[in-house]
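> Let me give you the structure first, and then I'll get to my questions.
The values are calculated or read from the model by the stated rules, or taken from the named source; none is laboratory data. Just so we're clear, the structure is a prediction, and the values are computed from it rather than from any experiment. With ideal geometry, Cβ positions are generated from the backbone for all residues, glycine too; neighbour counts draw on all protein chains shown. Heads up: the accessible areas ignore ligands, DNA and RNA and are worked out on the full protein's heavy atoms, side chains in. Shrake-Rupley method; radii C 1.70, N 1.55, O 1.52, S 1.80 Å.
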Amino acid sequence: MSFGETMPKNLQLSVGFFGVLLFCSFSVGEEPESRNGFWIPASTALQTETPAISTLPSLRTLSASESRDVVVERIVPLKTGDAASNYDIRPLVQEGDYLLSEGRWLDAKKSFEKALRRQPDNQALRSKFTEARRRYEIEIRYQDATFSSLTQKSSLEDQLAIFDEVFLDIDTYHVDRPQYSELFEFGVEGISEALHEDSFYRCNDIPIELKVQTEELFDSLKHTAKDWTLETEDDVRRSVLWLAKQMRRRIGISESTIISEFLCSAICSLDAYSGSLTPVQVEDIFSLIDGRFVGLGVELKTDQPTRIVRVIPNSPAQESGVNIGDELVQIDGRSTAKLSGAEIGELLQGLEGEKVALTLRSSNGRMRKITATRRPIEAPSVENAHVLDAPGNIGYVKISCFQKTTSEELLAALESLEAMNAQGLIIDLRQNPGGLLQEAINVSDVFLDSGTIVQTRGRNSSHTFVARKKKKECSLPLILIVDSGSASAAEIFAGAIQENGRGVIVGTPSYGKGTVQAIVQLTGKTQNAKPIAGLRLTTEEFYSPKGRAYGGVGVLPNVEVPYMLDANSDVPVRAGAHQAYANQCADSSDNAFEVSLPTLELQVASPRNEVESDIFLRLAVLEANRQIAQNRERPLDYRNDR
């Protein structure tokens, strides 16, 4: 099973804000609403300077071998600048309110999310977004059979143990000091919202006839508790247990069910990235990080219509004739038209050797049916290494995410480009949602022999990661392409290259993700080898080498493509909107690159190759040739000695 089959659309992992990216059994993926998403073990000790090869101590993680992997995740991009602050958000808010009234939680979440990117400090708007997100995650939880099984099988003792684990981690590691009254309020509101959903009763074996009585009882209990002053974890624990026991005694709903719902909603209220995870979701995350899973090998964007946005090389999907841009119409005869991302993922799930029948609509409208067989897949994160059909003998590679093998894959790609006598290098980071922080550091280290790569700061810790001095590193003129879908680890890499003056960034402003998360296993009192639940907890914020926050700003390209050419951006960021940031970037002795907006011929008639048909790539090639001309005397040597 793959990472996105059971994850909510785009938060996930990203998790997703453009639509839903799923890496399913027919795939890889999560909600960017898709690769939606990620986590990093929190650090516990102050370090003023850390070698790039070192890692951070972790909280409890899935296994000892995973305990030092650092990851980043994305969700709500909060862009700033004149274009954002002056934008009229009323149509988006009205749309979101209507969608909330219709119970279309995901669509409402997206509308409020877009509005928040224009006005990130609007607290009323943030409350609406939080409500929509909470209701959507309730919907997603009850589409996950492992969650329902978990709540039914776990005892009150288990749930109280999980409660204690969660609150200990929040109190110790969350980036902000917890406000217990707010956590209680959000958790109780989440229970109330869950009680309005028919799926809550079905999945917990509660007669639907009790719905009205249950809602009225809990409203009464909530009214009783609304004026309570809660100052400690123990205050919250006692209050939640009281509510749970009342619901058990008067309606028959188990205490563990009420406590479980409370925890899920309370965690969700901490910030836009923290959240609860079922065991299957934890396993799927690690599958994505490892780049190994059983499936078909496609990435889906499940905004209607559901389309194929990536096909993994040498996968069952590719061998069966699935193409990028195909619309996924049916799975084993069932239409995808009205299915959620989670439902599509469930249909695509399966075991090794099982077959799945897919009905696809090609970009030209032709319908066709194929059958593919699920098998183990190793999904590469570095793809399509080749020399471009353009002047300058310029090498090109695409990094789709940052997983455990990314730096090794990149070194192998560089070796192949060396054999082709590449004189410059373009690395494409478009739609790269991030991944392992450590791999972002390792990839940056391939191109840097000194300087800061990234800084992380938490409530209890701070780290600075610096490049290692080595005998050899890649010295090719370097161009990175970014867009509004480049996030997290991709932004760390791009920021490190830009602020150390090592290369030029071409594209549109990146996503603007600026926090790091830890994935924590929650074991309760069970003796099982696997955790019975998981926690994604925001522990730190990350900053550029020069100390600039990425959150809400991202990386500003040195050569900026007009925002209207970024098909994934709904934020009206114009050239100059980030001028203060741009001035800081340019006004530095170690950064010789200036922000500019070249005059472009946007219409290309009958493009003959990949460069002519892609304005981002055309600009990158122009910039690469300019850098090559300036570096004729620079030795070609990009291998390192690690």
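> Collect the residues in the range 186-225 that are in a loop (DSSP other than H, G, I, E, B), of a type outside the set (Val, Ile, Thr) and more than 18 Å from Leu263 (Cα to Cα), keeping them in residue-number order. Working first, answer last.
Here is the first cut: in the range 186-225, the residues in a loop (DSSP other than H, G, I, E, B) are 195-197, 204-207.
Filter once more, so that each one left must be of a type outside the set (Val, Ile, Thr): 195-197, 204-205, 207.
Matches in the range 186-225: Asp205, Pro207.
> Go through the range 203-219 and give me each residue that's in contact (Cβ under 8 Å) with a residue 40 or more places away in the chain, touching a Phe, Trp or Tyr at 6+ places or on another chain (Cβ under 8 Å) and surrounded by fewer than 16 Cβ atoms within 10 Å (Cβ to Cβ). Can you show your working first?
In the first step, residues of the range 203-219 are kept if they are in contact (Cβ under 8 Å) with a residue 40 or more places away in the chain; the result is 203-206, 210.
The next check asks that each one be touching a Phe, Trp or Tyr at 6+ places or on another chain (Cβ under 8 Å); those that pass are 203, 206, 210.
Within the range 203-219, just Leu210 meets the criteria.
> Checking Trp228 against (1) part of a loop (DSSP other than H, G, I, E, B); (2) without any contact (Cβ under 8 Å) to a residue 12 or more places away in the chain, only one condition comes out false. Which one?
Here Trp228 clears every test but (2).
> Among helices (runs of 4 or more DSSP H) lying entirely in the range 69-161, which contain 1 or more residues that are modelled with pLDDT of 90 or more, touching a helix residue (DSSP H, G or I) at 6+ places or on another chain (Cβ under 9 Å) and not β-branched (Val, Ile, Thr)? Talk me through it step by step, then tell me what you get.
Working: elements: 82-85, 90-101, 105-118, 123-141, 145-153.
Of the helices (runs of 4 or more DSSP H) lying wholly inside the range 69-161, those with at least 1 residues that are modelled with pLDDT of 90 or more, touching a helix residue (DSSP H, G or I) at 6+ places or on another chain (Cβ under 9 Å) and not β-branched (Val, Ile, Thr) span 90-101, 105-118, 123-141.
> Here's something else I'd like to know. Look through Leu328, Leu348, Leu388 and report the one residue that is at pLDDT 90 or above, crowded, with 20+ Cβ neighbours inside 10 Å and farther than 30 Å from Ala624 by Cβ. Working first, answer last.
Details: Leu348 fails: at pLDDT 90 or above; Leu388 fails: farther than 30 Å from Ala624 by Cβ.
It is Leu328.
> Any residue in the range 469-489 that is in contact with a strand residue (DSSP E or B) (Cβ under 8 Å, 6 or more places away or on another chain) and open to solvent by 20 Å² or more (accessible area, probe 1.4 Å)?
No; the residues of the range 469-489 include none that is in contact with a strand residue (DSSP E or B) (Cβ under 8 Å, 6 or more places away or on another chain) and open to solvent by 20 Å² or more (accessible area, probe 1.4 Å).
> Taking only the range 220-235 into account, find how many residues are open to solvent by less than 90 Å² (accessible area, probe 1.4 Å) and among the acidic types (Asp, Glu).
So the count comes out to 3.
> Right, next: Has the range 174-185 got any residue that is of a type in the set (Phe, Trp, Tyr), in contact with a helix residue (DSSP H, G or I) (Cβ under 8 Å, 6 or more places away or on another chain), assigned to a helix (DSSP H, G or I) and at pLDDT 90 or above?
The first filter runs over the range 174-185 and keeps only residues of a type in the set (Phe, Trp, Tyr), leaving 180, 184.
Add one more test, that the residue is in contact with a helix residue (DSSP H, G or I) (Cβ under 8 Å, 6 or more places away or on another chain), and what stays is 180, 184.
Filter once more, keeping what is assigned to a helix (DSSP H, G or I): 180, 184.
Now drop any that are not at pLDDT 90 or above, which leaves 180, 184.
Yes, the range 174-185 has at least one match.
> I'd like the full set of residues that are under 17 Å from Ser381 (Cβ atoms) and of a type in the set (S, T, N, Q), limited to the range 247-299.
Within the range 247-299, the first condition is being under 17 Å from Ser381 (Cβ atoms), and the residues that meet it are 284-293, 295, 297-299.
Of everything in the range 247-299, just one residue is under 17 Å from Ser381 (Cβ atoms) and of a type in the set (S, T, N, Q), namely Ser287.
> In the range 282-322, which residue that is without any contact (Cβ under 8 Å) to a residue 40 or more places away in the chain and over 24 Å from the mean Cα position of the chain (by Cα) is surrounded by the fewest Cβ atoms within 10 Å (Cβ to Cβ)?
Asn314
> Would you confirm whether any residue within the range 240-263 is more than 25 Å from Tyr142 (Cα to Cα), open to solvent by 30 Å² or more (accessible area, probe 1.4 Å) and not in a helix (DSSP H, G or I)? Steps first, answer last, please.
Initial filter on the range 240-263 (more than 25 Å from Tyr142 (Cα to Cα)): none.
Taking every residue of the range 240-263 in turn, none turns out to be more than 25 Å from Tyr142 (Cα to Cα), open to solvent by 30 Å² or more (accessible area, probe 1.4 Å) and not in a helix (DSSP H, G or I).
> Return the residues of the range 498-524 that are in a strand (DSSP E or B) and open to solvent by 10 Å² or more (accessible area, probe 1.4 Å); say none if nothing qualifies.
Those that are in a strand (DSSP E or B) and open to solvent by 10 Å² or more (accessible area, probe 1.4 Å): Thr515, Gln521.
Conditions tested, residue by residue: (1) in contact (Cβ under 8 Å) with a residue 40 or more places away in the chain; (2) open to solvent by 50 Å² or more (accessible area, probe 1.4 Å).
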residue: Lys110; (1), (2): yes, no
residue: Lys128; (1), (2): no, yes
residue: Ala132; (1), (2): no, no
residue: Thr146; (1), (2): yes, no
residue: Thr151; (1), (2): yes, no
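> Looking at Pro305 and the list (1) in contact with a Leu (Cβ under 9 Å, 6 or more places away or on another chain); (2) under 23 Å from Glu383 (Cβ atoms), which single condition is not satisfied?
Of (1) in contact with a Leu (Cβ under 9 Å, 6 or more places away or on another chain); (2) under 23 Å from Glu383 (Cβ atoms), only one is false for Pro305: (2).
> Which count do you get for residues in the range 426-463 that are open to solvent by less than 10 Å² (accessible area, probe 1.4 Å), of a type outside the set (Ser, Thr, Tyr), out of contact with any helix residue (DSSP H, G or I) (no Cβ under 7 Å at 6 or more places or on another chain) and in a strand (DSSP E or B)?
Qualifying residue count for the region: 3.
> Inside the range 309-344, can you point out the residues that are farther than 17 Å from Glu383 by Cα and of a type in the set (Lys, Arg)?
Residues satisfying the conditions are Arg334, Lys338.
> Scan the range 543-551 and give yes if some residue there is assigned to a loop (DSSP other than H, G, I, E, B), modelled with pLDDT of 75 or more, in contact with a helix residue (DSSP H, G or I) (Cβ under 9 Å, 6 or more places away or on another chain) and surrounded by fewer than 19 Cβ atoms within 10 Å (Cβ to Cβ), otherwise no.
Yes, the range 543-551 has at least one match.
> If Ala496 satisfies every condition in (1) in contact with a Leu (Cβ under 9 Å, 6 or more places away or on another chain); (2) within 16 Å of Val382 (Cα to Cα) but one, which is the exception?
Answer for Ala496: the failing condition is (2).
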